[in-house]
Amino acid sequence: MVTVFNNDQYDFFPDAGKSYSVGWKVLMASFVELLVISIVYMILSGPIGMVQWKMESFEWYAVPLVLFGITYGIFVGGPIQYGAKWVFLKAVRGERIEVKDIFVVFQRNYWNAVIANIVVGIIVGLGMVMLIVPGIIFACRLAFVPYLVVDREMDVMDALRVSWDMTRGYGWQIFLMGLLAIPIVIVGLICLFVGVFVSVMWISAAIAVMYHAVALKDGIPDTTYPAERN
């Protein structure tokens, strides 16, 4: 097992409703910092959104833009997304947050973040093709991969295996979190752009809370094999 940080001001428990409750408190406690991080992430994700729009209204002249967007998404957007998730985890643990934290993946475990993001995307995508339900299961069971890759600096295979082990028994709670995210986003849409922004931040905080709560309750499995421990 690996030692994890604990923020004593919150009552962590691996439950969907509890995660959203604590997630909201975390968001309010570090709102300005998380807002700045979210704005930076949104700006840096701009090229990916532009390419998605180009693919919907495809013309041959847009091929270079599409290729750029795919490359950018794989080597820049994905790692930054992992960095943003790590920032929310730091907020959950009550640690100091800095804008540069979103770029931490470029300084450590970069290639594992790139490959993990691709592999998880492929696994979940294939699962969705297989009558959707397997894709939902894979998405729930691999939800902790970004935190393990960035925070624990695990390689791809270890992160996949540990996330699968950590979420055993909590898959339904993570699935319920996904369902609860729907009305949260709808309410955010009713409140226009600002509401959507806050909704997404709240969901991100809640997922980080769930990971941290499971880690506190059950620990993080050791990634060393028996032969390596001797």
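To the nearest 20 Debye, how big is the dipole of the range 16-221 about its Cα centre, given +1 on the beta carbon of each Lys and Arg and -1 on that of each Asp and Glu?
For this selection, approximately 380 debye.
What residues qualify as long-range amide H neighbours of residue 220, i.e. H under 5 Å apart, gap of 5 or more or another chain, H built at 1.01 Å from N?
2
Taking the chain, how many lysine pairs are there with alpha carbons less than 22 Å apart, if each pair must be eight or more places apart or span two chains?
The result is 10.
Can you check how the C-alpha radius of gyration of the range 80-128 compares to 2.2 N^0.38 Å, as a plain ratio? Spell out each step's value before the answer.
On the way: Rg = 12.8 Å, N = 49, 2.2 N^0.38 = 9.7 Å.
Normalised by 2.2 N^0.38 Å, the Cα Rg of the range 80-128 equals 1.33.
Classify the range 111-230 as rounded, prolate or oblate, taking a ≥ b ≥ c as the square roots of the eigenvalues of its Cα gyration tensor: rounded when a/c is under 1.5, otherwise prolate if a/b is larger than b/c and oblate if not. Don't skip to the end; give the middle numbers.
Values: a/c = 2.03, a/b = 1.68, b/c = 1.20.
It comes out prolate by the Cα gyration axes.
Just to check I understand the Karplus step: with θ = phi - 60° and J = 6.51 cos²θ - 1.76 cosθ + 1.60, what whole-Hz values come out for the range 95-101, glycine and proline as x?
Result, ordered by residue: 8, 5, 10, 10, 4, 5, 4 Hz.
Lys/Arg Cβ at +1, Asp/Glu Cβ at -1, dipole of the chain taken about the Cα centre: which of 197, 43, 167 is farthest positive-ward?
197
Treating only the Cβ of Lys, Arg, Asp and Glu as charged (+1, +1, -1, -1), what charge dipole size does the range 58-145 show about its Cα centre? Round to the nearest 20 debye.
For the range 58-145, the charge dipole is close to 340 debye.
Restricting to DSSP H runs of at least four residues, report the calculated mean residue ellipticity at 222 nm for the chain, -39500 (n - 2.57) per run over all residues, nearest 500 deg cm²/dmol.
On the way: 12 runs with 162 residues, N = 230.
Estimated from H runs of four or more residues: -22500 deg cm²/dmol.
Quick one: which of 135-144, 101-110 comes out on top by average Cβ neighbours within 10 Å, and what's the full order, highest first?
Numbers: 135-144: 20.5, 101-110: 17.8.
Descending mean neighbour count gives 135-144, 101-110.
What number, in percent, do you get for the relative contact order of the chain if the mean sequence gap of Cα pairs under 8 Å and at least 6 apart is divided by its residue count? Let's see the in-between values first.
Details: 279 pairs, mean separation 73.8, N = 230.
With pairs under 8 Å counted, the relative contact order is 32 percent.
A short reminder: the numbers here are calculations on the coordinates, not readings from a lab. Worth saying up front: this structure is predicted, and the values here are computed from it rather than measured. Note that each Cβ is placed from the backbone with ideal geometry, even for glycine, and that neighbours are counted across all protein chains shown.
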